[in-house]
Each structure stands twice: as structure tokens, then as C-alpha cells.
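Here is the structure we will look at.
The values are calculated or read from the model by the stated rules, or taken from the named source; none is laboratory data. As the structure is a computational prediction, the values presented were derived from the model and not from experiment. Positions of Cβ are generated from backbone atoms using ideal geometry, with glycine treated the same way; all protein chains shown enter the neighbour counts. Heads up: the accessible areas ignore ligands, DNA and RNA and are worked out on the full protein's heavy atoms, side chains in. Shrake-Rupley method; radii C 1.70, N 1.55, O 1.52, S 1.80 Å.
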Amino acid sequence: QCFFYSLGILLLIKGFNQPISDYLKACQILSKNDLWYIPAYFGLYLISPFLNAGCQSLTRQQFTAFLALFVGFNLWCGWYWGGSFNPTGYTLTQLIMLYFIGRYISRFPLPLIGTCRLQIIALAVYIFASIANVLLYPFIPAAKLFAYNSPIVLIQSIALFYAFISPNFSNRAINFIAKSAFAVYL
């Protein structure tokens, strides 16, 4: 899909009379484009077996401590101070952090809360966090407030994990639309 859209968009916008270097650049989707997500997701895809193996070897207590340190470090050094490893959340580091959070949620579900109730709570948290973002907009620069690694966006991401936690979620219309989501992003 990446190659198809990269070359297709180049041909659609600029036509066939382009230097060969433009076509070569269009084929270098992991290094020569403005789409941060493609190379970051590809990197996550490559290392996910190792991340899974590491996650499986951790006890709940170890995983909790690791995740707290990872998220804390990412928020403090990345988001708050704008550290070069993850200043805005548009990096492989952010995807790894979200991967770990999702893995933690799937390995250690919340006890004593039914799935439906949990999903309602998660949607309420998501809406509340969205309202908080709007209310904080005049006080925090938009680039910082809406960065993928901002605390509020992270809370929204976790809420969405819980909102869609049902293992039996299946909807033909949503699945049909989801097939085109990546193409729309590209």
C-alpha cells in the first residue's frame, strides 16, 4: 500500500515527466517521506516479537514497575522537557510505549469490572480528557497539548484501549471502513 500510494500520488500530482530521482525517493517510504508513522510502525513490527518475549517473562509487579518507569521517563524527559528521543510522540519510542501499555492491559485485566461497564467508564474518561484538552488550549501551546506523548492524549489512548477491549468486537460496517483507514492516512 505504501509503495502504491507513494508512487500513485507522485504520478497523479506531477505526472510521468519527472526525474528518476523523484521516483526513487517515492519508493523510499521508510526514509524519504514526511510520514513519521510508516517507518515507526515498520520498526515496531520488526521488534514486536522481542517486545512480546520480554513482556511474557515479566511478572505483574515487574511489568508494572517497568511500565511506570518507561511512561514516567517518556512524559518527563520527552513531553515535559522535549527530549530529542521523543519530543512530540511522533516516534518509534511512542509506539513502543503504547504497545507495552496495550500488552499490559491484555495480560492483566482489571478485576471486578464487567466489560460493558469498563467500556462505558473508558468512554467517559475519553470524553472528559477531550474536554480537558479543549479547556487547557488557551494555556498550553497546541503543539504541546495535542502531542502524542502529552499526558492527556496518553490518557485518551488508554481509555480507547479499554473502550475496545471486548475480544468479540465485530462489526461489518466498521471492519469495511477500517480497511480504507490506512489508505486515507497515506
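One table, with the values for the structure above:
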{"read-out": "Options Ala122, Ala129, Ala163; residue that is open to solvent by less than 60 Å² (accessible area, probe 1.4 Å), over 15 Å from the mean Cα position of the chain (by Cα), touching a residue at least 24 places away in the same chain (Cβ under 8 Å) and more than 29 Å from Leu35 (Cα to Cα)", "value": "Ala122"}
{"read-out": "Given (1) farther than 25 Å from Ala163 by Cβ; (2) in contact (Cβ under 8 Å) with a residue 12 or more places away in the chain, number of the condition Tyr80 does not satisfy", "value": "(2)"}
{"read-out": "Residue list for the range 32-61, filter: exposed (fewer than 11 other Cβ atoms within 10 Å of the Cβ) and either under 25 Å from Arg107 (Cβ atoms) or touching a residue at least 24 places away in the same chain (Cβ under 8 Å) (or both)", "value": "Tyr45, Leu46, Pro49, Phe50, Ala53, Gln56, Ser57, Thr59, Arg60, Gln61"}
{"read-out": "Subset tally (residues that are surrounded by 10 or more Cβ atoms within 10 Å (Cβ to Cβ) and of a type in the set (Phe, Trp, Tyr)) for the range 8-31", "value": "1"}
{"read-out": "Test set (1) in a loop (DSSP other than H, G, I, E, B); (2) surrounded by fewer than 11 Cβ atoms within 10 Å (Cβ to Cβ); (3) polar (S, T, N, Q) - Asn86 fails condition number", "value": "(2)"}
{"read-out": "Qualifying residue in the range 18-27 (condition: assigned to a helix (DSSP H, G or I), without any contact (Cβ under 8 Å) to a residue 60 or more places away in the chain, closer than 29 Å to Ala147 by Cβ and in contact with a helix residue (DSSP H, G or I) (Cβ under 7 Å, 6 or more places away or on another chain))", "value": "yes"}
{"read-out": "Selection count where residues are open to solvent by 60 Å² or more (accessible area, probe 1.4 Å) and touching a residue at least 12 places away in the same chain (Cβ under 8 Å), scope the range 166-186", "value": "2"}
